[in-house]
Amino acid sequence: MKKIERKVNESFNNVTPDTLNSIRSDCPTRTPSTVATRSKNTTWGWKIATCALALLLVVTVVLSGVFFGKTGKISAVASTVTLDVNPSVEIQLNSSRRVVRVNALNADGKRIIGNMDFEGAQLEVTVNALIGSMIRNKFLDESSNSVLVSVSADASEYDALVGIVSEEISMRLSEATVDASVVSQWLRDTDSANQLATEYGISVGKAQLINKIMQSAPDKYTVEQLVKLKINELNLIAEGLDISDDVLTQQGTASDGKYIGRDKAIAIALERVNASLTAQDVNVKCKMDFDDGVMVYEVEFVYDGWKYEIEVDATNEAGNIVGFEREVSGRQPAGTDLTEEEIKALAFDIANVPEEERASISVSIERDRDDGRTEYELKFVYGDVRYKFEIDQYGNILSVKKEQFLGDTPVGQLTNEQIKQAVLAKVQSKFPTITLDGTREWEIELEFGQTYEIEFSWGRYEFECRMNVQSGEITFEYELDD
Amino acid sequence: MTAKCVKPRSADVDSAIVGVASGEEGALERLYALVGSAVYAYALSLTKNVYDAQDVLHDTLIKVYESAPNYTSQGKPMAWIITIAKNLCYGKFRQQRTVNLTEEELDRQLGSTSNSSVEDRLLVSKCLSELSEDERIAVVLHAVAGLKHREIAKHLNIPLATELSKYNRALEKLKLKIQGGQDEKNRT
């Protein structure tokens with residue numbers, strides 16, 4: 001007990017008046033009938049219950065012969081609690097919540113357990129020791145404060161175990177002046193999580209969390225990217241997706257102490273739009289996300305009739321903007337139809353292209369029908385920027401996207417041919433018969449110098465691929481064209 | 001009451017309630033010794049009035065005595081007793097909203113109802129005057145009643161992390177205030 005806590009305890013004890021005599025005299029005398037009420041319970045119901053208990057005891061004794069370990073202690077596993085940070089450890093418990101054994105699920109987990117022997121220990125003591133070891137080994141601190149608790153137990157036991165473990169983690173971390181963030185989930189023994197865990201050598205708990213994130217945003221991430229992340233990063237992503245439900249809860253806030261910080265990201269995003277704009281001037285939403293292998297702050301706000309969504313690289317102190325999108329805030333009223341030339345002129349105006357240069361710029365225009373009106377998609381390159389506009393038939397600007405353009409070929413350090421070969425090699429894992437000759441309509445673009453966006457067709461399939469310039473990592477999606 | 005500085009253990013409280021229910025001799029005394037301070041501290045935190053808290057302590061113990069034969073242990077006897085005390089405190093508020101006392105008046109009342117030291121009364125007064133209601137409740141329920149933080153979070157209907165930070169902040173605040181109060185006393 002802390003010194004101040006002891007003082008509080010002593011002082012309240014000392015100021016408590018002695019009212020025992022008054023209580024004693026006001027308590028009605030306990031008549032035999034009152035006591036008999038309790039003994040009345042020994043009816044047939046109780047007799048049956050007693051017999052059932054006796055039978056259960058016999059069964060337990062018989063079964064315990066099967067489960068007795070060599071030490072003579074009961075070693076039947078009734079539930080398991082897995083703790084993931086980066087170290088992953090699994091605590092196996094018997095029905096009295098005593099530890100049967102603690103298993104390391106990865107190399108860091110082994111380091112955390114060291115020579116500690118937990119057999120027969122209380123769950124609280126075990127969690128306290130393991131979290132303490134993670135703090136000492138610098139896996140948990142104020143910049144990485146997330147712990148994933150995955151519990152495999154009966155529904156009735158689940159709440160109690162999560163309560164005990166979450167409290168112990170929060171207490172132990174608060175002693176180290178760290179505000180914990182605990183993600184707890186009920187472990188379901190699903191094939192997909194088990195398969196993922198085996199394939200990537202991660203715990204089933206982490207696999208289940210990754211599956212949950214993938215389900216919440218199916219097109220955004222790849223499994224290969226997410227398995228490499230630590231629980232704190234996954235927790236930061238999960239917070240942005242708001243994935244809590246009846247089997248997954250998030251307590252506390254995941255720390256972004258390893259990154260540039262929300263305030264800085266907001267300032268960078270606002271400055272990009274207007275140098276004199278501050279967070280007080282607009283209503284800003286900021287959350288963390290993971291895009292193309294990089295942790296980013298996603299900053300959203302409305303300013304001057306435009307809705308902005310700006311992604312700022314969270315890992316770089318200089319705060320590179322890695323995504324910039326804006327669209328009109330709210331639908332504009334319909335007006336007079338514009339011609340294609342007038343719409344093109346509108347886009348050139350916004351991109352500040354001088355009149356005399358407009359004729360030399362090649363513009364690709366596609367038409368589409370949406371919400372009962374015609375929408376134009378215009379793409380062109382001016383200077384070192386690739387523009388993409390969406391403008392409706394009345395001249396309402398629906399979206400503007402600007403990307404850094406580094407030339408057509410070769411793009412970055414790879415030629416288009418090299419990119420195509422790399423992409424095909426990846427796609428062949430799913431479609432072994434695909435060859436370069438059979439493909440058509442290749443489009444390769446470099447987005448912000450970080451990612452190649454690649455599109456191509458093969459038979460009735462249309463592929464959209466992304467390739468990280470730094471890591472060479474490729475992801476792809478496909479759909480069957482009707 | 002003399003200082004024991006022990007948080008009541010659930011098993012002991014459970015056994016005292018069972019004793020009270022069966023009319024066992026000395027069981028009521030055991031129960032009072034185990035939970036009296038906790039109930040009083042909790043009631044004082046809510047009502048901020050010494051006499052009201054004394055009434056709540058009295059009525060809570062009578063209610064526990066009456067209900068003991070029907071009590072089924074779920075391993076959290078103190079939480080059950082505190083809930084009884086809470087309902088009695090709210091009943092008091094409904095009857096007549098209690099008047100908050102000045103620190104001096106509180107000190108005088110505490111002195112007249114117990115054999116406590118100036119230091120004890122200073123700490124209790126600071127606890128009542130300097131901490132918010134949630135902070136006071138978190139402190140007495142954990143430090144005096146021995147409730148777990150998650151039980152307190154449930155009682156206050158707030159997330160566990162919030163309860164923990166309220167608790168730690170309250171202890172820090174108290175530490176500073178007591179230090180400040182003693183420095184002031186030393187100067188005079």
Restricted to region B:3-37, and to residues that are at the interface with chain A (Cβ under 7 Å from one of its Cβ atoms) and not in a loop (DSSP other than H, G, I, E, B), which residue is nearest to residue B:121 (Cα to Cα)?
B:37
Do you know which of the residues in region B:113-147 that are of a type in the set (Lys, Arg) and under 16 Å from residue B:53 (Cα atoms) is farthest from the other protein chains (Cβ to nearest Cβ)?
B:136
Considering every residue within region A:324-340, establish whether at least one is closer than 27 Å to residue A:232 by Cα and either at pLDDT 90 or above or not acidic (Asp, Glu) (or both).
yes
Segments classed as strands (runs of 3 or more DSSP E), wholly inside region A:269-360, with at least 2 members that are closer than 20 Å to residue A:241 by Cβ and in contact with a helix residue (DSSP H, G or I) (Cβ under 6 Å, 6 or more places away or on another chain)
A:285-291, A:294-303, A:306-313
Considering only residues of region A:204-216 that are among the small types (Gly, Ala, Ser) and touching a helix residue (DSSP H, G or I) at 6+ places or on another chain (Cβ under 6 Å), which is modelled with the lowest pLDDT?
A:216
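Would you point out which residue out of A:97, A:24, A:101 is at pLDDT 90 or above and open to solvent by 50 Å² or more (accessible area, probe 1.4 Å)?
On the way: A:97 fails: at pLDDT 90 or above; A:24 fails: at pLDDT 90 or above.
That would be A:101, the only listed residue that is at pLDDT 90 or above and open to solvent by 50 Å² or more (accessible area, probe 1.4 Å).
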For region A:442-481, how many residues meet the condition of being over 26 Å from the mean Cα position of the chain (by Cα) and assigned to a strand (DSSP E or B)?
15
Quickly run through region B:117-133 and pick out the residues that are over 13 Å from the mean Cα position of the chain (by Cα) and charged (D, E, K, R).
B:119, B:120, B:121, B:126, B:130
Answer yes or no: is there a residue in region A:126-139 that is aliphatic (A, V, I, L, M) and within 30 Å of residue A:426 (Cβ to Cβ).
no
If you take the residues in region A:251-269 that are crowded, with 19+ Cβ neighbours inside 10 Å and not small (Gly, Ala, Ser), which one is farthest from residue A:179 (Cα to Cα)?
A:268
May I ask you to list pairs of residues, at least six apart or on different chains, whose Cβ atoms are under 7 Å apart, with the first in region B:4-29 being closer than 18 Å to residue A:24 by Cα and the second being open to solvent by 30 Å² or more (accessible area, probe 1.4 Å) and not aliphatic (A, V, I, L, M)?
B:16/B:30; B:17/B:71; B:19/B:30; B:21/A:38; B:21/B:71; B:22/A:38; B:23/A:30; B:28/A:24
Among (1) within 14 Å of chain B (Cβ to nearest Cβ); (2) modelled with pLDDT of 90 or more; (3) open to solvent by 10 Å² or more (accessible area, probe 1.4 Å), where does residue A:135 come up short?
(1)
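Across region A:119-130, what is the total count of residues that are open to solvent by 20 Å² or more (accessible area, probe 1.4 Å), within 25 Å of residue A:176 (Cα to Cα) and either among the basic types (Lys, Arg) or touching a residue at least 12 places away in the same chain (Cβ under 8 Å) (or both)?
Final tally of qualifying residues: 5.
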Subset of region B:47-59 [under 19 Å from residue B:110 (Cβ atoms) and either among the polar types (S, T, N, Q) or open to solvent by 10 Å² or more (accessible area, probe 1.4 Å) (or both)]:
B:47, B:48, B:49, B:51, B:52, B:54, B:55, B:58
Considering every residue within region A:66-88, establish whether at least one is at pLDDT 85 or above and open to solvent by 80 Å² or more (accessible area, probe 1.4 Å).
no
Please go through region A:167-185 and give me each residue that is polar (S, T, N, Q), at pLDDT 85 or above and more than 16 Å from residue A:256 (Cα to Cα), ordered by number.
A:170, A:184, A:185
Output the residues belonging to region A:138-167 that are open to solvent by 30 Å² or more (accessible area, probe 1.4 Å), closer than 19 Å to residue A:101 by Cα and within 14 Å of chain B (Cβ to nearest Cβ).
A:157
Open to solvent by 40 Å² or more (accessible area, probe 1.4 Å) and among the hydroxyl-bearing types (Ser, Thr, Tyr): does that describe residue B:162?
yes
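The values are calculated or read from the model by the stated rules, or taken from the named source; none is laboratory data. Owing to the predicted nature of the structure, the values given are computational and were not obtained by experimental measurement. FYI the Cβ positions are ideal-geometry reconstructions off the backbone, even for glycines, and counts take in every protein chain you see. These accessible areas exclude ligands, DNA and RNA; they are computed on the full protein's heavy atoms, side chains included. Shrake-Rupley method; radii C 1.70, N 1.55, O 1.52, S 1.80 Å.
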